[in-house]
Amino acid sequence: MSEWKAKTKLGMMVASGEVKTISQVFALNLPIREVQIVDALIPDMKVERISMENVQKKTDAGAVRRMRVTVAVGNGDGVVGIGSGKAAQVLDAENKAIEAAKLNLIYVHRACGSWECGCGEPHSIPSVTVGKSGSVRVILYPAPRGTGLVASDTIKKILALAGISDVWSRTLGETRTTPNQALAAFDALKNMETMRRQEDWSRLRRFWS
């Protein structure tokens, strides 16, 4: 952090100590443009590799092969992001993907939305939500405590990083496309932003009053 020279308004607020948590960042509704912001606020960010594949780019000199890596990041407590990166080497592509994911974070609204449970704890989602990417559509349903993540391994990674432990899911379309599965699940979580209740906004803005 000592060598980081913040360039954005949010970066300067984090560097100066005015903003100390990721919740405050979402309350301010300012875009995250510097990876160092996330590194400073969530030093223990978890990373899961979603997919790795060869891609080709046509140039005048012929076809150039590169690796494309897709990863998801999260703190296991309501914050998750996804990103991809391309490079000649796997490690370089993965590092680019991690940086892209950190700049693409969302806050996930968690709740106990299952009528079978009603425990009031944020272990699931508040209601049914749908996400889409390419031909893949993912539908997430709130589930009672103890159900676990009833989903594909790819979708499980996204949900676990977001801190969700109980969900039923349904996947439609070309489900063999792993990145699209992950992106569709991420889109479903992102779409819950419109469902956030007033008290959640009050909780996020509490530090600002």
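The values are calculated or read from the model by the stated rules, or taken from the named source; none is laboratory data. Remember, predicted model here, so these are calculated numbers, not experimental data. With ideal geometry, Cβ positions are generated from the backbone for all residues, glycine too; neighbour counts draw on all protein chains shown.
Numbers below:
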| item | result |
| --- | --- |
| Residue tally, condition acidic (Asp, Glu) and more than 17 Å from the chain's Cα centre (by Cα), over region 1-46 | 2 |
| Failed criterion for residue 102 (all others in (1) at pLDDT below 95; (2) under 26 Å from residue 52 (Cα atoms); (3) buried (at least 17 other Cβ atoms within 10 Å of the Cβ) hold) | (1) |
| Residue count for region 117-153, restricted to those that are part of a strand (DSSP E or B), closer than 13 Å to residue 185 by Cα and touching an Asp or Glu at 6+ places or on another chain (Cβ under 8 Å) | 6 |
| Residue under evaluation residue 37, criteria (1) crowded, with 19+ Cβ neighbours inside 10 Å; (2) assigned by TED's automatic domain parsing to the domain that holds residue 67, criterion not met | (2) |
| Criterion: surrounded by fewer than 18 Cβ atoms within 10 Å (Cβ to Cβ), of a type in the set (Asp, Glu) and in contact (Cβ under 8 Å) with a residue 60 or more places away in the chain - qualifying residue of 92, 77, 60 | 77 |
